[in-house]
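Please find one structure pasted underneath; my questions will follow.
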Amino acid sequence: MQNSIGVLLIRPLSTYLQEELSKRYTLFKFWQVPPDIRREFLEKHSNSIKAVVPNGVQGADSELIDALPRLEIVASHSSGLDKIDLEKCREKGIRVTYTPDALTDEVADMALLLTMATMRRICEADRYVRSGAWKNADFRLTSKFSGKAVGIVGLGRIGSAIAKRVSAFGCTIGYHSCSQKPNSTFKYYPSVIDLASNSEILVIACALTHETHHIINRDVINALGRNGIIVNIARGCHIDEAELISALVEGRLGGAGLDVLEHEPYVPDQLLGLDNVVLSPHVGASTFETRQAMADLVVANLEAHFANKPLLNPVV
Ligand code: NAP
């Protein structure tokens, strides 16, 4: 028991994580603090808070880090690190951990789910049945997924898990990553445009960095073509969303399955009106099982840090 150690949890995440943290530390629930008094709150508890637990949506920026002079560790409940000021952490000697692997299968499952839901128009079909329209006419024909050419942007943990699943559907697989994988039998494309030109479905699974911001732009969308499908389970900012929407509206792109959006949770009205788009609210890793595994990793990293043991998932 190390109740003198304060842990700042940025978002609720799971009841399980809150309980596990409360058993070990003094837990501060940041989302319960009204935004206009957060500065005073941080000042008041700055001597106690030694750990911050952010996630992939709300991280630890330089302002938060600077407000906590006793901060020792940022233990992120995410595999994406784009919302954490890693440079600032390095500068200040603050350790950073994350939860890769724990969520890989779940997010890969979500990619397949969104791909097939978009191609088979399952949300539209559901609305069709519920509206009673089925009594008057058969539902429209949709597109087959099995056997298609799938391009994966980012053949990392999640990208590889997507490839494994997609292989079972008899699809051909190409990928673009920072570098070619020497042990992969999939075709490597050094350029995203070439990958898109040779794919029918493009799945975004890379990390968000300065280089991958808007990696999916007008040229990539046009290269994928009017029957192409884009699926994004990584980060909204990978796609130039205005270009995506205009391509969908103008029929230059066949459809999109999006778990993440550029300005989430704000959704452009035009997307809401499109039947060839399937949307989910950044829930790629949001199941009881995966959230528990992620919570266990966060707690294990914190325990290791405060016991002066090696971190399980060190980033910094
Ligand atoms: P990972 O194992 O670190 O893989 C990241 C991949 O991004 C690697 O293949 C890497 O290429 C590639 N990449 C990085 N910079 C690139 C660039 N400039 N051009 C092309 N590819 C680049 O991470 P992961 O666990 O698979 O997670 C991937 C991302 O998924 C996370 O960063 C996060 O943003 C997102 N995610 C979303 C959810 C959700 O709920 N929707 C949940 C978890 C994660 P190399 O292999 O060549 O280095």
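Bear in mind these aren't lab numbers, they're just calculated from the coordinates by the rules spelled out. Everything numeric here is computed off the predicted structure, so don't read it as measured data. A quick note on method: Cβ atoms are made from the backbone with ideal geometry, for glycine too, and the neighbour counts reach across all protein chains shown.
How do the strands (runs of 3 or more DSSP E) wholly within the stretch 1-83 filter down when requiring 2 or more residues that are among the aliphatic types (A, V, I, L, M) and crowded, with 17+ Cβ neighbours inside 10 Å: which remain? Don't jump to the end; show me each part of the working.
On the way: elements: 6-9, 26-29, 49-53, 73-75.
Qualifying strands (runs of 3 or more DSSP E): 6-9, 49-53, 73-75.
Right, here's the next one. Restricting to the stretch 166-216, count the residues that are hydrophobic (A, V, I, L, M, F, W, C), farther than 21 Å from Asp109 by Cβ and surrounded by fewer than 17 Cβ atoms within 10 Å (Cβ to Cβ).
Result for the stretch 166-216: 2.
Considering the stretch 242-266 alone, what residues qualify as being surrounded by 15 or more Cβ atoms within 10 Å (Cβ to Cβ) and within 19 Å of the chain's Cα centre (by Cα)? Walk me through it before giving the result.
So the first thing to find is which residues in the stretch 242-266 are surrounded by 15 or more Cβ atoms within 10 Å (Cβ to Cβ), and the list is 243-248, 252-262, 264.
Within the stretch 242-266, Leu244, Ala256, Gly257, Leu258, Asp259, Val260, Leu261, Glu262, Glu264 meet the criteria.
Yes or no: the stretch 282-302 includes at least one residue that is in contact with a strand residue (DSSP E or B) (Cβ under 7 Å, 6 or more places away or on another chain), crowded, with 19+ Cβ neighbours inside 10 Å and more than 21 Å from Val57 (Cα to Cα).
no
Sort out for me the strands (runs of 3 or more DSSP E) sitting completely within the stretch 226-281 that have 1 or more residues that are without any contact (Cβ under 8 Å) to a residue 12 or more places away in the chain, away from the ligand (no atom under 16 Å from the Cβ) and among the acidic types (Asp, Glu).
So the answer is none; nothing clears 1.
From Leu103, Leu113, Leu86, which residue is buried (at least 21 other Cβ atoms within 10 Å of the Cβ) and under 27 Å from the mean Cα position of the chain (by Cα)?
Working: Leu113 fails: buried (at least 21 other Cβ atoms within 10 Å of the Cβ); Leu86 fails: buried (at least 21 other Cβ atoms within 10 Å of the Cβ).
Just one listed residue meets the conditions, Leu103.
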